[in-house]
Structures are given as C-alpha cells and as structure tokens.
Amino acid sequence: MLDSDRGSTDNLGMTSARLELGRPSDAERDRALAILRDGAGSGRLSHDTFIRRMNFVLRAQSRRELADATNDLPREEPRLVQLLHRLVAHIPRITLTPRSANPALRLPGLTLPPPGSPTVRIGRGPGATLRMADISVSRFHAELRPTEDGWLLRDLGSMNGTYLNGLRITTPTQVRAGDHVRFGSTSYRLTWSDTR
C-alpha cells in the first residue's frame with residue numbers, strides 16, 4: 001500500500017471517529033428519544049430501562065453514546081416509508097371469486113337418512129354420529145332430528161356456528177334436499193336417501 005493511500009485511509013478512520021465522538025445535536029437526541037419511546041411502547045424496553053436510557057441520552061456527550069443507548073432497538077422508519085405504509089393500510093382488499101353457473105354443484109352431498117332414523121349428531125367428539133375432523137367444527141356442533149315432516153337442523157351452541165343457505169341458525173330449522181348447510185367451515189348440499 002502506498003503511503004498516500006495509507007494516509008487517506010487513516011483520514012477516513014479519523015473522520016468517522018470524530019463523527020462518533022462529536023457532540024450530538026438536539027435533533028439527534030430527539031431521534032434517539034423517539035427510538036426509545038417506540039421501544040417502550042412495543043414492549044422491547046421495560047419502564048425502568050426506558051427511564052435509565054432516556055436519562056443517559058439526555059446526558060450523552062457524544063454521538064457514540066446515543067448509538068449505544070439505541071443500538072439494540074429498531075430504527076424509526078423514514079417519513080416516506082411511514083406514509084407509504086399508511087396509504088397501503090387504507091387500500092381496500094379485493095377478493096376475486098370465480099364465477100360459476102351453480103356453485104352448489106361443487107359442494108359435497110350430505111344424504112339425509114330415511115324417515116324413522118334416529119337423530120344424527122354432528123361434531124368432532126367421539127359420540128358424534130357424523131364425526132368431522134375439521135378444527136372449525138365443535139365437539140358437539142349440531143344435530144339433525146327427524147320429524148313427521150322431514151328433518152330439523154339444530155345448532156348445539158357451537159363456537160363457529162351452523163349455517164343454512166348462508167344464514168346462521170339459532171333455533172331448530174326445517175331442512176330439505178337441496179339446502180346448503182355449513183358446520184364451521186365445512187359445507188354440504190343436502191340430498192335425500194335413495195330409500196325415501
């Protein structure tokens with residue numbers, strides 16, 4: 001390495017050392033305090049640590065001391081980046097759903113038992129007649145109860161609800177073939193048994 005190159009490298013090192021050891025401005029202290037406030041607000045700093053570091057920043061004699069007080073915390077984003085984040089947060093989300101002639105045709109069928117069959121209990125629990133493994137289905141989710149006119153669907157206080165043709169049911173409701181039922185996030189189209 002030439003002596004002139006060594007001298008320029010030494011000058012760069014001395015310049016950066018001077019910058020780190022130079023007295024911080026009020027604006028630099030304010031930026032450091034803002035970083036500490038964000039750290040306390042996000043739970044990265046306890047109250048006592050925040051107070052201790054705040055006092056350290058206010059008494060700091062060099063930029064290096066400011067950096068030492070904030071080097072383990074994320075830096076505040078530039079104003080332009082903050083503005084972009086705010087703008088993106090206000091853009092409505094768009095969900096595209098493919099069109100189909102009859103979406104019900106894609107639902108799996110759930111065959112209603114023949115008349116005179118016992119009540120069908122639906123859920124994830126071991127006592128269910130129709131047992132589902134979907135986590136959105138409660139252990140004791142709903143039941144299909146036979147009546148003289150067909151079948152009643154009743155929700156059993158499930159967490160994610162029982163839906164008939166898109167509406168959540170809260171009382172026993174008559175169902176028939178062709179109805180769409182949903183237990184949590186599992187959907188079916190009701191069909192009649194062949195023996196009916």
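Kirkwood hydrodynamic radius (Cα pairs, Å) of the stretch 116-182? Show your work: numbers first, answer last.
Details: mean 1/r = 0.0831 Å⁻¹.
Roughly 12.0 Å, rounded to one decimal.
Determine ³J(HN,Hα), in whole Hz, for all residues of the stretch 38-47 in sequence, where each value follows from phi through the Karplus function 6.51 cos²θ - 1.76 cosθ + 1.60 and θ = phi - 60°; x replaces Gly and Pro.
Going residue by residue, I get 4, x, 6, x, 8, x, 7, 10, 6, 4 Hz, with x marking Gly and Pro.
Laboratory data are not the source of any read-out in this text; all were calculated from the coordinates shown. Here the structure is a predicted model, which is why all the values come from computation and not from measurement.
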